1. Looking only at the range B:109-125, which residues are within 11 Å of B:N82 (Cβ to Cβ) and not hydroxyl-bearing (S, T, Y)?
2. So, of the residues in the range B:68-118 that are of a type in the set (S, T, Y) and within 10 Å of another protein chain (Cβ to nearest Cβ), which turns out to be surrounded by the fewest Cβ atoms within 10 Å (Cβ to Cβ)?
3. If the Cβ limit is 6 Å and pairs must be 6+ apart or interchain, which residue in the range A:60-80 that is closer than 19 Å to A:V100 by Cβ pairs with which residue that is in a helix (DSSP H, G or I) and modelled with pLDDT under 90?
4. Do we have any residue at all in the range C:39-49 that's within 9 Å of chain B (Cβ to nearest Cβ) and in a loop (DSSP other than H, G, I, E, B)?
5. Would you be able to tell me the number of residues in the range B:178-218 that are surrounded by 17 or more Cβ atoms within 10 Å (Cβ to Cβ), without any contact (Cβ under 8 Å) to a residue 40 or more places away in the chain and more than 14 Å from chain C (Cβ to nearest Cβ)?
6. Mind checking which residues of the range B:150-192 are at pLDDT 90 or above and not in a helix (DSSP H, G or I)?
7. Applying the selection to the range C:179-220, what residues are farther than 29 Å from C:G87 by Cβ, within 16 Å of the chain's Cα centre (by Cα) and either among the small types (G, A, S) or outside any helix (DSSP H, G or I) (or both)?
8. When both residues are 6+ apart or on different chains and their Cβ atoms are under 7 Å apart, which pairs have a first residue that lies in the range C:41-53 and is under 15 Å from C:V66 (Cα atoms), and a second that is among the hydroxyl-bearing types (S, T, Y) and buried (at least 20 other Cβ atoms within 10 Å of the Cβ)?
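The values are calculated or read from the model by the stated rules, or taken from the named source; none is laboratory data. Keep in mind that what you see is a predicted model, and the values were worked out from it rather than measured. No Cβ is skipped: glycine too gets one built from the backbone with ideal geometry, and neighbour counts run over all protein chains shown.
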Amino acid sequence: MIYAEHLRKEFKKTVKEPGLKGSFKALFKPKKEIVVAASDISFHVPKGEILGFIGPNGAGKSTVIKMLTGILTPTSGQCRINGKIPQNDRKKYVKEIGAVFGQRTQLWWDLPLQETYNVLKEIYEVDDEKFKKRMAFLNEVLELEKFIKSPVRTLSLGQRMRADIAASMLHSPKVLFLDEPTIGLDVVVKDNIRQAIMKINKEEQTTVILTTHDISDIELLCDRIVMIDKGKNVYDGSLQKLRENFGQTRELVFETDNSANLTEELFRKGLKLDECDLVFENKKNNYKIRFNSAKIPVGEMLSYTLSLTKVKDISVKDADIEEIIRNLYRQGGASDE
Amino acid sequence: MKRILKIYTLLAAQNLKRLMEYRADFLTGAVSFLIDQAIGIAFIFIIFTQIPQLAGFTFPQILFIYGLSQIPKGLDHLLTDNLWCVGYFIVRKGDFDKYLIRPINPLFHVIAETFQVDAIGELIVGIGLLIYAAPDAELHLSVWTVLLSVIAVPFAAMIYTSLKIMTSALAFWIKSSGFIIQMVYGMNEFSKYPTTIYSLPVRIFVTYIIPFAFTGYYLSLYLLTGENPLFNIGGVILVSSVLFVISVLIWNKGISAYESAGA
Amino acid sequence: MNKIIRRYVPFMKAGVQNLVVYRLNFLGFVIGGLIYCFVMFYLWKAVFESNGGGMFLGFSMTDMVVYLFLSNTTSQLIFSGVSNEIGEEIRDGSITMRLLKPVNTDLSYMFNELGTALMKVVVLLIPVLAGLEIYRFCMTGTVVFSAVNFLLYLISSVLAYIISFRVNLCFGFIAFYVKNLWGIGILKNSIIGFLSGSLIPLAFMPDGLRVCLEYLPFASMSYTPVMLYMGKYGTYEILFRIGIQVVWAVLLYGLSKLIWFGAIKKLCIQGG
């Protein structure tokens, strides 16, 4: 369905040296620099799948989404969606996709919401009967009736997002791109939106590519995740597998009195663990240690810690998925599978 | 074609609906342009209190040239004003994304989206001056001259549009090209007066390079003399067609260089 | 004094940097202005020729050229974007951020622009004046430049800037009532262009109108400095004209303060 092969995108950027002198210099001779937003991204999404496309800020997620939707032309590499190359056959291609960019809206700002749908109906050449059916379906899934007559500028963020998703679904696209569809929304609204996405995916076999910073979005919606960082793939696989691979991680949290002076060195040397098996954090007397329980059993870890110092409070937790992903970001990579 | 018309009217209607919400603004714009025009005319008036003729043209004739030059300008202003926004901020802010994910031509979409009622100021003054000045301007009126001139007016407007397309498309490479549009568009000042007052290099420049002379003076010259339709009218059509094709090529090239905004 | 300047220098630097960021826009306006001057130059040339050469209403062609280019340059020099800036800030509510800073609001705007103005003196005024003096030398065969007139021009331009700044400040508050700032901007520029004589020298206007306009603040904005540079006034009139500028600067200062306090009150009611 969706193939991305070695996508790369470079941008030119003007750099200015600091200070007044730099300003004068920039006035007459601006300096250019090439920034690589995506250096080598490849993945494949089969029909009907919901793919979570994640990565830290500035990883190049939006750049990739924009290449897939045909907004940006890749510097090299290519993508094919449904056999079409977005940039080559733009008009036909965009009829098959829908896109929502959470940070901006495609609705007509000053007019009642219904007007936007009427215009989009013509733009996408949806015939009357289909339009009626479609509106009924979207109404049911996204609950638009309450605000469909209000001007868009008066909608709340959650309503606006639902309206935007409906706008991108009006022409029954085969692929839906959602760039941070839950950004800035409260928990209840987030849940609403997730339900809607799931329903659309189930009922219409719509392929969905979703970027988000919210881990619950991924846990609840995605069959698979592709994680990128600094413009490169760092993980591609199911959430399940990620949990299995990194699920051995445990987190030890404890508090000591003032006399203790524990260092990372002490733990690593004492237990003979290397960097990826032990991560050490401390703030004053509070310590947080993440360790690989396959290398060192929890009991051993506990008794070692207790042998070093007196602790006030101690607990061991399973690392949650958010933690695992944070770890992956920090280490800048994990092998595929 | 039918679909294009339908979408155009639909989008224009949205725009009018929006304007109705801000009636005061709509008036401000139209009145502003009207006053701007009035001042331009006052200027000509003051000059002619001192001299009987300017470069061989009488006061009514100069007014006629001035008035005719405002009609293509106003038409273009009415229909394609959104191109300014492309140059100034639509591309820079990344708002151009939306035009690229719709199954219609982005250039058409951008243009159809605004219907700039402010332009009524220019159109009223243009038409008003023509009516006022025509009786005394010793025009060469015949079915032919009038018909050809009427045909030529939309082409003259297209010269404005093409120049705006070209210059606004530069924003795809340099992010914000408002200043270039401003610069090139500003040269329409040259179209208000007979080109014979300019020195030869300037005359060549406004005829063949930034061909604003075709949007006013040559068109009027045909109505004033009835001579040389091949250059005065044919020139408008040829120049604007060539310019339009070039501008669309630049625009399309620009779209593939578009960098959006944000990460 | 020193302390005040130190406090506002960052605003000035920001002004310079702003010009750098928008350097191409700035260039566009400069070149746009020059194009306009050239159109006018040819138009006046045709007018002088149609008039049989020589003088036109007390102006020679050389005078006209100096007037044209210098009044355009002066207008750009004393141009104040404060009306747009205030308008935008009122519209998006960021004006409250400015009110929160522990500095005098007017002065912060002013120093911001002063940075831009200084750059304009260097890259615009000096080259234009040099060009004009060379032109005058070629046309008349003698050096016409007068240091006294230049000094008078500078003093008068500073006053002109203060007036322009205050007028624009008042204009900016219209944003409380009208949304189409852009249309208002066009209106303002063409009205000021006409009333200030930068379009047509006030000397060419019918007598009654001319006298009226000469007393309005707009004439103080570019006409007075340019006429001073050209040495068109006698000693008594020089003092009189500069006096009018001072009076307007003071009056408009008061007016803008008055509107400002009214605006803050309104802001509190609207909640920004």
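1. B:H109, B:V110, B:I111, B:A112, B:E113, B:F115, B:Q116, listed by residue number.
2. B:Y88
3. A:G70/A:R90
4. No: the range C:39-49 contains no residue that is within 9 Å of chain B (Cβ to nearest Cβ) and in a loop (DSSP other than H, G, I, E, B).
5. 2
6. B:L170
7. C:P201
8. C:Y42/B:Y198; C:L43/B:Y193
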